[in-house]
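Heads up, the thing below is written out as structure tokens.
The values are calculated or read from the model by the stated rules, or taken from the named source; none is laboratory data. Because the structure is predicted, anything quoted here is derived from the model rather than measured. In this analysis, Cβ positions are derived from the backbone assuming ideal geometry, glycine residues included, and neighbour counts consider all displayed protein chains. Side chains included, ligands, DNA and RNA excluded: accessible areas come from the protein's heavy atoms. Shrake-Rupley method; radii C 1.70, N 1.55, O 1.52, S 1.80 Å.
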Amino acid sequence: MRTIQQLADELGGLAGKTVLVRSDLNVPLDGATITDDGRIRASVPTIVALAEAGARTVVCAHLGRPKGTPEPKYSLAPVAARLGELLGRAVIFVEETVGPKAAAAISGMADGDVLVLENLRFNPGETAKSDEDRAEFAGQLASLADAFVSDGFGVVHRAQASVYDVARLLPHAAGGLVASEVDVMRRLREDPERPYVVILGGAKISDKLGVIESLITVADRLLIGGGMVFTFLAAQGHEVGKSLLEEDQVETVRGYLASAQEQGVEIVLPTDIVVADSFSAEAAHEVVPADSIPADQMGLDIGPESEKLFVDKLADAQTIFWNGPMGAFEMEPFASGTKAVAAALVARTADGAMTVVGGGDSAAAVRDFGYADSDFGHISTGGGASLEYLEGKELPGLAVLED
């Protein structure tokens, strides 16, 4: 993939050039308040590099899941304001993605200025299934700029107009964030230092079927927690009560357990579970053996014995990839397992291990717990993209940059 420096050389420098940057600014909001600005902070270095090179930097991104029409609650206005704070300079915000307002604002930019366009997904062409509709919207975006930089790793697994089609229309490069993410993910998939331990959690096993199948051939040890663990327990013949269970995946999981055993890969499941009678922070809860979950209870976290087991299984790891919390960490009574894993990764990082937090809820959790990004080797900005890369899938937003 071409770097920004190579793009600059190709264009005879970036000063005076308008560069469209696809960032990932899809941050969680509470009203107009950003509750985790990690993705915005991750986008800053590439934007700074372009601005310092004299480019007129036009940032485009999405927020939430609007249905192809403007929805005020998904406006990027708060994000643009936070980006300005992080940059320490004024950022222009346009209440339009493409059209006369956007064109006029861009034409008025000076070298080094930064502008944020309104939410890409306010336009139906951004996520259209029709190649023609996406291409039409991509053409409108491309007409605003001289070059394109892809810096939203969290969206490179989507063949969307601003991710894939625009790159086919403009001179393009990978931003620093995308380049660093790809470097980390390639090391995980192709050259991990061993022992290599993968921790998988989160709600649904169906979201991670492909990556589990792939990791069984690469990792030395898989630790399974979160809601997905109950499908594993059911595959071993255990009662899981009212816990989250994907019955249609039980046979698939049995196959994974057998395959792992054949290949000498250790799959580690919790030995005890924190259960409650309802999904509530106020619900009465207790710890029970993992093979003895009462029929009227649901599992909401791994138990204290399992925490110790998981920490022990991480103690010698030289490479760790973690995707998905161990329980309903948003509720304090069910956060202990996720906190234990986070603390273990911080300790391994301090000891020199390569530790990667695979985006999504895992990244949100470690920040909720007060950890800094620097406490880990790498916090990915792309949960789904990370998993698909590790699964070995071709990601459209990366493939289109490889020329």
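Listing for the model above:
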item: Test: residue in the range 206-217 that is under 23 Å from Ser306 (Cβ atoms), in contact (Cβ under 8 Å) with a residue 12 or more places away in the chain and of a type in the set (Lys, Arg); result: yes
item: Search result, residues across the range 284-307 that are more than 24 Å from Ala344 (Cα to Cα), in a loop (DSSP other than H, G, I, E, B) and either free of Cβ contacts under 8 Å to residues at least 40 places away in the same chain or out of contact with any Asp or Glu (no Cβ under 7 Å at 6 or more places or on another chain) (or both); result: Ala284, Asp291, Ser292, Pro294
item: Of the criteria (1) in contact (Cβ under 8 Å) with a residue 60 or more places away in the chain; (2) crowded, with 20+ Cβ neighbours inside 10 Å; (3) under 24 Å from the mean Cα position of the chain (by Cα), which one Lys17 fails; result: (3)
item: Residues located in the range 1-32, provided they are over 25 Å from Gln160 (Cβ atoms) and either at pLDDT below 95 or touching a Cys at 6+ places or on another chain (Cβ under 9 Å) (or both); result: Asp30, Gly31, Ala32
item: Candidate set from the range 272-308 (those that are hydrophobic (A, V, I, L, M, F, W, C) and closer than 15 Å to Thr338 by Cβ); member that is surrounded by the fewest Cβ atoms within 10 Å (Cβ to Cβ); result: Ala281
item: Residue ranges of helices (runs of 4 or more DSSP H) in the range 155-243 with at least 1 members in contact with a helix residue (DSSP H, G or I) (Cβ under 6 Å, 6 or more places away or on another chain), on the phi < 0 side of the Ramachandran plot and at pLDDT below 95; result: 176-190, 209-215
item: Identity of the residue in the range 204-231, open to solvent by 30 Å² or more (accessible area, probe 1.4 Å) and out of contact with any strand residue (DSSP E or B) (no Cβ under 8 Å at 6 or more places or on another chain), that ends up nearest to Gly384 (Cα to Cα); result: Asp207
item: Scan of the range 368-403 for residues that are surrounded by fewer than 18 Cβ atoms within 10 Å (Cβ to Cβ), among the aliphatic types (A, V, I, L, M) and assigned to a helix (DSSP H, G or I), ordered by number; result: Ala399
item: Total residues in the range 258-271, condition open to solvent by less than 40 Å² (accessible area, probe 1.4 Å) and part of a helix (DSSP H, G or I); result: 2
item: Residue within the range 84-97 that is buried (at least 22 other Cβ atoms within 10 Å of the Cβ), among the β-branched types (Val, Ile, Thr) and part of a loop (DSSP other than H, G, I, E, B) present; result: yes
item: Lone unmet requirement of (1) open to solvent by 10 Å² or more (accessible area, probe 1.4 Å); (2) hydrophobic (A, V, I, L, M, F, W, C); (3) part of a helix (DSSP H, G or I) for Ile47; result: (1)
item: Every residue from the range 59-78 that is touching a helix residue (DSSP H, G or I) at 6+ places or on another chain (Cβ under 6 Å) and open to solvent by less than 50 Å² (accessible area, probe 1.4 Å); result: Cys60, His62, Leu63, Gly64, Pro66, Gly68
